[in-house]
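Report on the following structure.
Any read-out appearing in this document is the output of simple, stated calculations on the displayed coordinates, not a laboratory observation. This structure is a prediction, so every number in the text was calculated from the model and none was measured. Using ideal geometry, Cβ is built from the backbone for each residue, glycine included, and neighbour counts are taken over all protein chains shown.
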Amino acid sequence: MTMRYQDIDWDTMWRKSRADKSWKKKKSTDWDRRAASFAERNIDSPFVAQFMSRIQTEPDWSVLDVGCGPGTLAIPLARKVRQLTALDYSAAMLAELDKRADAEGIANIRTIQGSWDDDWEKLSIARHDVAIASRSLSVDDLAGALRKLNNWADKGVYLADRVGAGPFDPDLFAAIGRDFQPGPDYIFTVNILYSLGIHAHVDFISLDPHRSYGSREEAIQSYRWMVDNPSPAEETRLTAYVDARLRQLDETTWQFTRQTAPQWAMIWWQPKVAL
Ligand SMILES: C[S@@+](CC[C@H](N)C(=O)[O-])C[C@H]1O[C@@H](n2cnc3c(N)ncnc32)[C@H](O)[C@@H]1O
């Protein structure tokens, strides 16, 4: 029997793949705990420049950033637009964002503590010119989240979505002897958008496999978050994995080389009226 594209139920396949992923979905309190270290690793990461070079905004536009985290993109975007609304369900992430915005004298960001699932009208979130969701599509209803973003933006919606293992390093899991199922990646998102009548653009953000750290401990920390509740034996193997790929360049520079370079898909479209 020939399979036809129209017969593929991307939404059901996405739910199945999501149910099979080996990592646990994080709660807002998990993100609270990780806020400071996430901010440190991500605020000036090479990902930011690559995302920023692909997004189009005008100085008088407004931007809604869903799952904004510590302001990885909210802060550089706020410098380029009239107003930015930063939505996240983690109070600690929003506190990191406020701290950085204050330090940099940025006064056009409105932070709102809220979730993908909340009623955004009740949170007084109006339509913006642009809506973004970067590395924050960890939702139970992807089609619903995509519709929502579409309906809250007039001129553009931009996503950064996972490619394959996303931020995880699959070789680490092989090295520590733990099964790793990454769950669904961007190809589901593109196809679910297609089923909603949206023909999205796709580009890729490829990051350097080398990353520099200020200390060995910092490099180990940047790997530790990947493994939920590591056993003592897994901890030891994780440290050995990092050490084997770490090279000290000078007193304060340690370079880590990944075998599989991290990649993100950047997906964007011009919103359709109310989906
Ligand atoms: C990986 S971080 C990404 C942060 C930032 N957008 C970036 O690209 O660096 C994911 C963020 O999404 C937030 N988040 C996850 N699930 C959420 C939900 N259901 N509602 C609101 N925010 C959520 C987390 O609190 C966290 O700040």
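Structure summary
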item: Net charge, Arg162 excluded, C-beta distance under 14 Å - Lys, Arg +1, Asp, Glu -1; result: +1
item: Most fluctuating residue given options Asp208, Asp65, Asp161, as computed from a GNM of the chain linking Cα atoms under 10 Å; result: Asp208
item: Cβ-Cβ FRET estimate between Tyr5 and Glu251, R0 fixed at 45 Å, reported to 0.05; result: 0.20
item: Full-stretch length increase - Asn229, Gln270 - with 0.36 nm per residue and alpha-carbon distance subtracted; result: 10.6 nm
item: Net charge of Cβ neighbours under 14 Å - reference Ala200; Lys, Arg +1; Asp, Glu -1; result: +1
item: Cα centroid of the stretch 86-111 to Cα centroid of the stretch 10-31, whole Å; result: 27
item: Packing-based order for 140-152, 216-228, using average beta carbon neighbours within 10 Å, highest first; result: 140-152, 216-228
item: Packing-based exposure ordering (other Cβ within 10 Å, fewest first) of Arg237, Arg82; result: Arg82, Arg237
item: Diffusion constant of the stretch 149-192 at 37 °C, which comes from Stokes-Einstein with the Kirkwood Cα-pair radius and 0.692 mPa s, µm²/s; result: 259
item: Rg in Å to one decimal, and Dmax rounded to a whole Å, for the stretch 173-250 via C-alpha atoms; result: 17.7, 53
item: For the stretch 147-177 versus the stretch 186-207, the gap between their alpha-carbon centres in whole angstrom; result: 11
item: Share, in percent, of DSSP beta bridges within the chain that are antiparallel, nearest 5; result: 50
item: Geometric extent, Cα atoms of the stretch 211-257 - Rg, Dmax (angstrom); result: 10.8, 33
item: Estimated [θ] at 222 nm from DSSP helical runs (n ≥ 4, -39500 (n - 2.57)) normalised by residues in the chain, nearest 500; result: -11000 deg cm²/dmol
item: Pairs of Cα atoms farther than 24 Å apart, the chain, %; result: 52
item: In range of the label at Ser22: residues from the stretch 181-206 whose backbone nitrogen is under 15 Å from the point 7 Å along Cα→Cβ; result: 181-184
item: R0 of 41 Å, Cβ-Cβ distance Glu218-Asn108: FRET efficiency to nearest 0.05; result: 0.80
item: Cα shape, the stretch 48-143, gyration tensor, a/c 1.5 rule; result: rounded
item: Members of Lys27/Lys148; Lys21/Lys80; Lys27/Lys99; Lys21/Lys148; Lys16/Lys80 lying beyond 30 Å, as alpha-carbon distances in this model show; result: Lys21/Lys80; Lys16/Lys80
item: For His201, His128, order by how many other beta-carbon atoms lie within 10 Å, fewest first; result: His201, His128
